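Trainee: Here it is: the structure, laid out below.
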Amino acid sequence: MNPVSLFDLEKMAKQVMPHNSWEFVDASSSDEITKRRNRTAFDEITINPNFLIDVGNRDLSVSILGEKIDFPIMIAPAGGQRSIHPDGEQATARAAGSAGTLYALATSSGYSIEEVAEVATGPLWFQLYHFNDMVSELLVTRAKAAGFKAICLTIDTPVASPKERDIRADVTRNPDLFWGSLRDRPDLAALREVGIPDMADWSPPGYTGLTWDRLGWLKDLTGLPLVIKGVRTVGDAIQAAEYGADAIVVSNHGGRQLDGTKSSIETLPGIAGAVGDRLEVYLDSGIRRGLDVLKAIALGARAVMMGRPLYWGLAVNGEAGVRTALDILRIEFDRAMAYCGRTSVADIDRHLVSLPNEA
Ligand SMILES: Cc1cc2nc3c(=O)[nH]c(=O)nc-3n(C[C@H](O)[C@H](O)[C@H](O)COP(=O)(O)O)c2cc1C
């Protein structure tokens, strides 16, 4: 069967994935309320299309921190992809490049920074979990040397969030499938053993936490643009702008960290309105349809990221499967633009959508 939608791909992935792998990808934290809300909130937003407009030529491209991508859907950083398919992050990077979009490599990748850079044909970002200054410096300077275009600091994981499903399934992780970039650093084995990033538990002597006032330090290590991922509030978005970030990802980590927060799409309009043009705003968490992409852009995002669908693609068919996931979203988004009488992403404006409380 060829997947017609990402929901088909999800079903196909569930059939082929070992139980524990499925639980690792699908799970979110505590009661999984935020994960469900990520979907219901999209469903409650309605579209106000305009017709009798010539939509014969549509341009889906956008510029992201100065890099042009062919459509406004990027691949979110997500760890341990080698535990789902042997080609792991290399397959995902190839798929992103051939589709014409950007891939954010996670700190906890099975292939190393350099191994992914070698095969990538599109722009790469490096996602950073900060454990201590030494490890962050090591990783971001390697990413810069390998040609990565930005550092994406994930801020919404001050402690690990063990998923209850993982605990029940007694999931154990093979560090080699999660810590490719530290494979050649036996001196950092203690970090590899953490398995799930946990900054609070891994506190060796010399540990220095990262706070807003130290973003300048992080940025100066490479001079690359800094993207802050995991913003849920207007306050944190303004802090990111004040402390020199170049972009933010409005994200609740697909509901995988703190449960009980709003969905990303609910928080987006307030955040985008508050930061204006001071930095670029992207969104993830719950993107499954081209219409979701359109809704996010109408409400203030420049582009979106997809998370779990990349694993579904990997599980079903490696690189080609990830490409399928991207193609499905791109084709749906293109059709959504045409239906709405829009020929470029910049034309997608706020009038195009109504929130549940709006007429
Ligand atoms: C299995 C899995 C692992 C993830 N690992 C990371 C990670 O290492 N770093 C990170 O910033 N986000 C990570 N994420 C979160 C994604 O970047 C993204 O925010 C989320 O998946 C988006 O929601 P969606 O899955 O509903 O599309 C992970 C997500 C999943 C599903």
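Trainee: Quick one: what are the phi-derived ³J(HN,Hα) couplings along region 90-97, Karplus 6.51/-1.76/1.60 with θ = phi - 60°, whole Hz, x for glycine and proline?
Mentor: In residue order, the calculated couplings are 5, 5, 5, 5, 5, 5, 4, x Hz.
Trainee: While we're here: Would you mind checking which residues have amide H under 5 Å from residue 343's amide H? H placed 1.01 Å from N; only 5 or more apart, or other chain.
Mentor: Here the answer is none, since no amide H 5 or more places off falls under 5 Å of that of residue 343.
Trainee: Would you mind ranking 17, 134 by Cβ crowding within 10 Å, fewest neighbours first?
Mentor: 134, 17
Trainee: Can you give the net charge of the other residues whose Cβ lies under 15 Å from the Cβ of residue 222, counting K and R as +1 and D and E as -1?
Mentor: Here the charged neighbours net out to +1.
Trainee: What is region 2-145 by shape, rounded, prolate or oblate, if you read a ≥ b ≥ c off the alpha carbon gyration tensor as root eigenvalues and call it rounded for a/c under 1.5, prolate for a/b larger than b/c, and oblate otherwise?
Mentor: Taking the square roots of the gyration eigenvalues as a ≥ b ≥ c, region 2-145 is oblate.
Trainee: Moving on. Test of understanding: ordering 157, 46, 343 by Cβ neighbours within 10 Å, fewest first, what list do you get?
Mentor: 46, 343, 157
Trainee: Of the residues 276, 290, 313, which exhibits the maximal mean-square fluctuation in a Gaussian network model of the chain defined by a 10 Å Cα contact cut-off?
Mentor: Sorting by GNM fluctuation, first place goes to 276.
Trainee: Shifting gears a bit: Kindly provide the helix-only [θ] at 222 nm of the chain, computed as the sum of -39,500 (n - 2.57) over DSSP H runs of four or more divided by all residues, to the nearest 500 deg cm²/dmol?
Mentor: Rounded to the nearest 500, the figure is -12000 deg cm²/dmol.
Trainee: Additional query: Would you work out the charge dipole size for the chain about its Cα centre, treating the Cβ of every Lys and Arg as +1 and the Cβ of every Asp and Glu as -1, and quote it to the nearest 20 debye?
Mentor: Approximately 420 debye in magnitude.
Trainee: In addition: Please say if region 213-266 is rounded, prolate or oblate, where rounded means a/c under 1.5 for a ≥ b ≥ c the square roots of the C-alpha gyration tensor eigenvalues, and otherwise the choice is prolate for a/b larger than b/c and oblate otherwise?
Mentor: Since a/c reaches 1.5 and a/b is larger than b/c, the shape of region 213-266 is classed as prolate.
Trainee: While we're here: With springs only between Cα atoms under 10 Å, which of 104, 120, 146 fluctuates most in a Gaussian network model of the chain?
Mentor: 146
Readers should treat all values here as calculations from the given coordinates under stated rules, not as data from a laboratory. All values reported here derive from a predicted model rather than from experimental measurement. Here the Cβ is made from the backbone with ideal geometry for all residues, glycine too, and neighbour counts use every protein chain on show.
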